[in-house]
1. How large is the charge dipole for region 4-208, taken about the Cα centre, if only the Cβ atoms of Lys, Arg (+1) and Asp, Glu (-1) carry charge, to the nearest 20 debye?
2. With the Cα gyration tensor of region 150-206 in hand, convert its eigenvalues to equivalent ellipsoid semi-axes via √(5λ) and list them largest first in whole Å.
3. Please give the net charge around F319, taking every other residue with its beta carbon less than 9 angstrom from that of F319, where Lys and Arg add +1 and Asp and Glu add -1.
4. Net charge within 11 Å of L363 by Cβ-Cβ distance, Lys/Arg positive one each and Asp/Glu negative one each, not counting L363 itself?
5. Roughly how many nanometres apart are two label points built 7 Å out from the Cα toward the Cβ at S341 and T23?
6. For R259 and A178, what is the calculated FRET efficiency with R₀ set at 56 Å and r taken between the beta-carbons, to the nearest 0.05?
7. Reported to two decimal places, what Rg/Rh ratio describes region 237-302 when computed on Cα atoms with Rh from the Kirkwood expression?
8. Which lysines, on any chain, are close to K175 with Cα under 16 Å apart, when same-chain ones fewer than 8 places away are left out?
Amino acid sequence: MSFESLGLAPALVRALAEIGYATPTSIQVEAIPLAMAGHDLLGGAQTGTGKTAAFALPMLHRLSTTSVAGAPRRIRALILTPTRELAVQVHDSIRTYGKHAKMVSTVIYGGAGMNPQLDALRRGVDILVATPGRLIDHLERGSVKLGDVEMLILDEADRMLDMGFMPAIKRILNKLPATRQTLLFSATFEDAIKKLAMEFMRNPREVQVAARNTVAETVTHIAHPVDGARKRDLLIDILSERYQDQILVFGKTKHGCNRLAEQLEKSGIKAVAIHGNKSQSQRLKALGDFKSGKARVLVATDVAARGLDIPQLPLVINFDLPMVAEDYVHRIGRTGRAGASGEAISLVSPDEGGLLRAIHRVLKADIVMTVVEGYAPSRQIRMGNDSASAGRPSGQRTPSRRTPHTTAAPRHAQAHAGAKAHPAAERRERRAVNAPRPLR
């Protein structure tokens with residue numbers, strides 16, 4: 001299967017060839033023909049599997065093959081995203097794919113000046129990428145007219161609803177023509193989200209190329225029980241071991257991310273923080289420092305990390321567990337992309353046992369519980385009423401001062417049958433006070 005065989009316009013195929021895209025991914029193979037045929041579409045796939053191209057390519061094909069030469073430019077396609085970072089990255093992808101298609105696009109989002117956005121809109125655009133809040137601002141000013149929109153695309157739709165954008169989305173929908181094509185893409189689909197989608201979509205086709213709420217099979221999941229007060233010290237130990245890797249660390253709050261990044265810097269680890277209270281220029285600088293290697297660790301909140309495109313990210317660490325289990329899927333989607341191996345480490349305090357159990361239910365995969373020597377928690381991790389041994393998860397043992405016997409290795413290998421152990425995981429296993437077993 002090739003992009004040309006999907007029936008895409010030659011200008012798009014040429015642009016894809018120039019960036020080395022030869023074979024479409026599963027979501028692209030399934031979604032592009034349906035979208036090109038004019039169907040409304042619900043598209044679900046793991047993060048990093050090519051969702052952006054799955055909606056951008058059919059959109060560019062439709063607009064470029066039906067445009068009228070010399071006609072004034074008007075907004076014919078609207079793409080909504082939950083965050084500024086995702087909006088920028090989607091816009092960059094559209095410009096890359098459509099470089100030979102002669103389409104004009106722009107991106108608008110909060111946290112940036114209005115005047116440059118107003119200038120771009122006055123010049124006329126075919127494609128508008130926007131965050132809901134800033135689009136509402138422009139609608140109220142009268143600087144955006146949506147009466148000619150032919151295609152509406154909602155990217156990371158589940159996150160937009162989780163973030164409370166549904167009222168804004170409904171206001172935007174009221175400004176759109178009733179006759180349009182709507183595409184809704186997301187890494188996860190909850191039943192409530194699908195129900196809401198049915199309110200503004202017409203007989204949508206559904207494409208789900210992976211099981212709901214799953215992450216890549218190439219990702220290894222490890223949980224280290226530790227008291228909350230000692231998480232920072234354990235994190236520094238792990239980061240010191242992985243001194244050659246770039247690592248994404250998730251925190252729960254904006255203030256906590258700032259403080260953690262500052263503490264890592266004081267420990268000699270180059271780190272930057274990114275969250276919603278940072279200005280757009282601060283966020284872009286932090287991302288630039290991380291991608292260029294000036295900073296080795298990026299500490300982020302869930303919202304700020306949405307849409308981050310960081311290729312070959314080997315490790316994601318949950319300093320705090322997410323309050324919503326499905327957010328774990330989005331966090332871990334940053335690693336193990338495009339068939340590469342990845343590792344997800346969670347530092348779990350005794351108070352977070354219930355959150356870990358909820359993640360395990362959603363994940364439907366083994367989570368290896370390993371107590372790191374010197375960091376045994378003062379209390380057992382209690383997982384909830386369905387835990388087998390008074391709240392103690394399978395494999396979590398009372399810490400001992402001895403190094404694990406060599407007989408522990410087969411148990412670890414059995415838990416990850418068929419997968420090659422990550423070198424860092426092996427190092428931590430040698431330091432562990434109990435032989436790691438999967439949480440089941």
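Since every read-out is calculated from the coordinates, none of them should be taken as a lab result. Here the structure is a predicted model, which means the values were calculated and not measured. Every residue, glycine as well, gets a Cβ built from its backbone with ideal geometry; the counts of neighbours run over all protein chains shown.
1. 740 debye
2. So the three semi-axes of region 150-206 are 17, 14, 10 Å.
3. My count for the surroundings of F319 gives +2.
4. So the environment of L363 carries a net charge of +1.
5. Label at S341, label at T23, 2.1 nm between them.
6. 0.70
7. On the Cα set of region 237-302, Rg over Rh gives 0.94.
8. Partners found: K145.
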